[in-house]
Amino acid sequence: MEEKKSRVWILVGPPASGKSTWAASKKDSPLFSDDVHIVSRDQVRYSLVDESEPYFSKETLVFNTFADEIIKSIKNHKDTIVDATNVNLKSRRKLFNRILPFIDQTAVEFNAVFFVTPLEFCLQRNSTRKGRTRVPDSALINIFNSYQEPTYAECFTNIYSVKCG
């Protein structure tokens, strides 16, 4: 009997579009295994970059640590949720290029979950954030405008959309 594949859920959406809220809600969802692990790029960044340091001061370290956590999670958990913006083909390609050499691709199902959230909703939600979690409006707008929906050509087995706002 063939062993069930590990599932990776790569979230795709601008800041404040609902990705982290969605991820947290899956911990108790019957659609996910009891063995679901969330790998958050923000949490990796906050663990490595002191508040007195510029936000992007350790970007290479943040990305590599984030990717290493994803690889470890894929190897140790049935479901892995990758919580980051991943808003364009270039960023997703960079992520796949970093993790694919270190896993058995035949044992993993990659799912894209892209968030269809109006810019006004993202800006409103972002305005309630405090400290480093708040993204400058101009940056959020730039990220929103660079948003590209995921495609099957990118290694995804399934693509789902989540409408927020």
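The values are calculated or read from the model by the stated rules, or taken from the named source; none is laboratory data. On a predicted model such as this, the values are computed, not experimentally measured, just so you know. All Cβ positions, glycine included, derive from the backbone under ideal geometry; neighbour counts span all protein chains shown.
Of note:
- Taken over segment 69-109, residues that are out of contact with any strand residue (DSSP E or B) (no Cβ under 6 Å at 6 or more places or on another chain) and charged (D, E, K, R) amount to 8.
- Selected residue (criterion: modelled with the highest pLDDT) from residues of segment 30-60 that are among the small types (Gly, Ala, Ser) and touching a strand residue (DSSP E or B) at 6+ places or on another chain (Cβ under 8 Å): Ser40
- Odd one out for Ser17 among (1) touching a His at 6+ places or on another chain (Cβ under 8 Å); (2) surrounded by 20 or more Cβ atoms within 10 Å (Cβ to Cβ); (3) of a type in the set (S, T, N, Q): (1)
- Residue within segment 95-105 that is in contact with a Pro (Cβ under 8 Å, 6 or more places away or on another chain) and at pLDDT 95 or above present: no
- Within segment 12-47, restricting attention to residues that are closer than 17 Å to Ile71 by Cβ and outside any helix (DSSP H, G or I), the residue that is farthest from the chain's Cα centre (by Cα) is Asp35.
- Meets criteria (at pLDDT 95 or above and either touching an Asp or Glu at 6+ places or on another chain (Cβ under 9 Å) or surrounded by fewer than 13 Cβ atoms within 10 Å (Cβ to Cβ) (or both)) for Thr128: yes
- Residue count for segment 143-165 under the criterion of being more than 16 Å from Phe96 (Cβ to Cβ), among the polar types (S, T, N, Q) and surrounded by 12 or more Cβ atoms within 10 Å (Cβ to Cβ): the result is 2.
- Taking the conditions (1) under 27 Å from Pro101 (Cβ atoms); (2) surrounded by 13 or more Cβ atoms within 10 Å (Cβ to Cβ); (3) not basic (Lys, Arg) in turn, Asn76 satisfies each one other than (2).
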